[in-house]
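Please read the structure below before turning to the comments.
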Amino acid sequence: MGKRAGVLARTLEHFYTMKFGGTADTLSAVGIGLGLLGSTPALAPQLAAFPVVLIPMTAAGVGAAWMTWRAIEPWRKAHALASSLEIRSDEPPMVVKPGANIEGLLLGYCCDTGKPVIIDYKTLMRHMFILGQSGVGKTVAASNVMFQQIQSGGGVLFIDGKIDAKNIEQMYHYCCFAGRQQDFLVINPDDPANSNTYNPVLFGDPDEKADGVLQLIPSTESNAGADHYKQEAKQALTTLIRALQTARLAYNMIDLTVLLTNSNALLELERKLQTTAPGGDEAKDYALFLDKFRVPPNAQNPLGGIDMKRLKDVFGGIGGRLYSFGTGQFGKIMNTYDPDVRLYEAIRSNKIVYVALPVMGKDTTARNFGRLVIADLRTSISWLQKLPEAERPWPPFMVFCDEAGSYVNESWSRIPEQSRSAHVVFMPAVQTCANFQAISNELYEMVIGNAWTKIYFKVGTQGTAEEAAELIGKRLGVLRSLAGTHSESASSSFLRHAPESNVGAGQSVNSGEREQEMFIVSPDDLKNLTMGEAVITIGGSLIYNVRLAMTEFDVETKARFGPFRVSRFRSGGLTINGVRWQPAGFFEDLDRYLAVGEGGRPPKKIARSAKPEGDKTRDAEEDDHGQREAEREKALAEDLDEA
């Protein structure tokens, strides 16, 4: 009874508040009036002739039809799906005939009409921006899009700002459903046993890799002193990486850390470089770099050497940042010379790469790791741009950055500006606009301004709601005003003999209407959206109020796919351009470098087992290896502490 009473109350309220006016309503009223006049006894005989009798009947019928159309407006505009808004969605940008091949992806269904909103690949390559507070459907919407991408044979890079085992399993099941489980690669520093290996500094031009590593350092543009040391670190990293590549030595993060903190390792690299490329430009550049830190022979050090105090003063900061990636859980997946994941090759091969960032447990290191992945992505995009268009990925490769505020930095600015030409779709998702504005307003403008498609979910702050409402836009609307006044007065004269007095009362009601720009979707409307409901704008001119599809497998299907299993690859050694590279091994040989002693410091010895290798079991070998690695890490940490 309560529901029926509510419907009746809304119906009566609609009829009570209906307003009539304008040309169409006036003509309708005139038509109904002509019909009534034509049926009166005075005029009916004169209008009985066949052609004339149709005039009042037709006018009355058209007028009554229009008024009926006006009266049933609430029922005409009833939404096919539950909606918190009273907006009408535009016609879908892409209409697909039944059975036709879809060259695009489904985003959701219009609440008012139920029509699907499908965006073609060329529009998607103009990038997408997703905004909404936690738990309202951002990841669900992106997962549905990525599932379609996997089914179509496309590639995905999913950078997850929060580790969720459900996301990993869901992506794995998507791949199983499409028969692509071997294409699924996982980089998970929180669980190295179920992760593929990854080395973001191994492949690429020395300048590119040095710039990528420097993403770990905050911007120094406003600090001349800090910028000096950053440029020194850039020169050192570029020189070291160029020397390693010239000597055909495969390296990783911990090798770079050792080189930046150990003089004997630097001199060893110089000897290897002179052996591989004697007299070359790389050897000369490396010698010039070392000359800035060399010390002449003296009584305490007759052979001369490297001023390690000065070296550590200059490069201790960047060495410390690299150290965190070469040890512990991160080191288990990044200390590799032949990684499973090579991002550029993964993009070209349409692989599905999931990157987990343990931001809650390892905040600083996880944020920096995300920035390294983004730097590797930038390098890959630059290489894709050099390919003929026919060799660039199609369907376009998709990059979804969930909880992007956890690892965003200045290097993001160029990705949305240039990745379209590389056939890469960039899709960041954040909870507030402040996630980008906290870095810089310029970055916010570049990322938001280059997103052709924007999806707005329920937002939780007034500032973000107002910013989103401004981005959605305004339109001309009618602002109605109603004002009423009431006054009473009474007066009497004390000089008059008669008791008469003056009494007055007045009352007025004024109404007005004026046109002004109004929000298409107000900030309060955005804060009141329900879970799974969103507003989509495309190109700034098309707007849709949609409900999102949620794709889940039933229990039987999940059981058939089974739990996630990482795809392992057998390493055959690193070969680049047909040339076999040898592992640099500076960390493995750290005990040898430290045993020489530096600057009069007593030599550090790392114990080795005297038992022959052939007499050890596999478990014992692993235990010895783990113990030696822990001792090396401790020795290297002491060097960094001194810096």
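Condition check ((1) among the charged types (D, E, K, R); (2) modelled with pLDDT under 90) across all residues:
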residue	(1), (2)
Cys401	no, no
Gln418	no, yes
Gln437	no, yes
Tyr456	no, no
Glu470	yes, no
>> assigned to a helix (DSSP H, G or I) and modelled with pLDDT under 95: which single residue out of Gln182, Gln149 fits that description?
In response: Gln182
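Condition check ((1) out of contact with any Gly (no Cβ under 7 Å at 6 or more places or on another chain); (2) among the charged types (D, E, K, R); (3) buried (at least 23 other Cβ atoms within 10 Å of the Cβ); (4) outside any strand (DSSP E or B)) across all residues:
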{"site": "Leu107", "(1), (2), (3), (4)": "yes, no, yes, no"}
{"site": "Ile118", "(1), (2), (3), (4)": "no, no, no, no"}
{"site": "Lys122", "(1), (2), (3), (4)": "yes, yes, no, yes"}
{"site": "Leu202", "(1), (2), (3), (4)": "yes, no, yes, yes"}
>> Give all pairs with beta carbons closer than 6 Å in which a residue from the stretch 65-92 that is farther than 14 Å from Gly114 by Cβ meets a residue that is modelled with pLDDT under 70; count only pairs at least 6 apart in sequence or on separate chains.
In response: Pro74/His14
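Looking at Thr530, Thr537, Thr551, which one is hydroxyl-bearing (Ser, Thr, Tyr), on the phi < 0 side of the Ramachandran plot and touching a Phe, Trp or Tyr at 6+ places or on another chain (Cβ under 6 Å)? Break it down stepwise before answering.
Working: Thr530 fails: touching a Phe, Trp or Tyr at 6+ places or on another chain (Cβ under 6 Å); Thr537 fails: touching a Phe, Trp or Tyr at 6+ places or on another chain (Cβ under 6 Å).
Within the list Thr530, Thr537, Thr551, the selection yields Thr551.
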>> Being buried (at least 21 other Cβ atoms within 10 Å of the Cβ) and either among the β-branched types (Val, Ile, Thr) or in contact with a Lys or Arg (Cβ under 8 Å, 6 or more places away or on another chain) (or both) is the filter here; which residues of the stretch 137-159 pass it?
In response: Thr139, Val145, Ile150, Gly155, Val156, Ile159
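Which ranges mark the helices (runs of 4 or more DSSP H) fully within the stretch 301-395 that have 1 or more residues being at pLDDT 90 or above?
Details: elements: 308-326, 328-334, 343-348, 363-385.
The helices (runs of 4 or more DSSP H) meeting that bar are 328-334, 343-348, 363-385.
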>> Can you say whether Leu105 is closer than 21 Å to Leu377 by Cβ and either touching a residue at least 12 places away in the same chain (Cβ under 8 Å) or of a type in the set (Phe, Trp, Tyr) (or both), as far as the supplied structure shows?
In response: yes
>> Going residue by residue through the stretch 422-443, is there one that turns out to be within 14 Å of the chain's Cα centre (by Cα), of a type in the set (Phe, Trp, Tyr), crowded, with 19+ Cβ neighbours inside 10 Å and in a strand (DSSP E or B)?
In response: yes
> What is the number of the single condition among (1) touching a residue at least 24 places away in the same chain (Cβ under 8 Å); (2) assigned to a loop (DSSP other than H, G, I, E, B); (3) closer than 22 Å to Ser567 by Cα that Ser134 does not meet?
Replying inline: (3)
> Which pairs have Cβ atoms under 8 Å, sit 6 or more apart or on different chains, and link a residue in the stretch 514-533 that is closer than 18 Å to Asp90 by Cβ to one that is among the hydroxyl-bearing types (Ser, Thr, Tyr)?
Replying inline: Val521/Tyr456; Asp525/Ser84; Glu533/Ser83; Glu533/Ser84
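Just to check your reading of the model, which residue among Ile163, Ile168 is buried (at least 18 other Cβ atoms within 10 Å of the Cβ), assigned to a helix (DSSP H, G or I) and either among the aliphatic types (A, V, I, L, M) or touching a residue at least 12 places away in the same chain (Cβ under 8 Å) (or both)?
Numbers: Ile163 fails: assigned to a helix (DSSP H, G or I).
Result of the check over Ile163, Ile168: Ile168.
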> Counting only residues that are assigned to a loop (DSSP other than H, G, I, E, B), in contact with a helix residue (DSSP H, G or I) (Cβ under 9 Å, 6 or more places away or on another chain) and at pLDDT 90 or above, how many does the stretch 540-561 have?
Replying inline: 1
>> Between a residue in the stretch 553-564 that is closer than 16 Å to Asn167 by Cα and any residue that is of a type in the set (S, T, N, Q), which pairs come within a Cβ distance under 8 Å, given they are 6 or more apart or on different chains?
In response: Phe564/Asn194
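Here is a check on your reading of the model: is Leu267 surrounded by fewer than 20 Cβ atoms within 10 Å (Cβ to Cβ) and modelled with pLDDT under 90?
Against the criterion (surrounded by fewer than 20 Cβ atoms within 10 Å (Cβ to Cβ) and modelled with pLDDT under 90), Leu267 qualifies.
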> Of everything in the stretch 161-213 that's out of contact with any Phe, Trp or Tyr (no Cβ under 9 Å at 6 or more places or on another chain) and among the small types (Gly, Ala, Ser), which residue is farthest from Ser406 (Cα to Cα)?
Replying inline: Gly179
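The values are calculated or read from the model by the stated rules, or taken from the named source; none is laboratory data. Because the structure is predicted, anything quoted here is derived from the model rather than measured. Cβ sites come from the backbone with ideal geometry, for glycine too, and all protein chains shown count toward neighbours.
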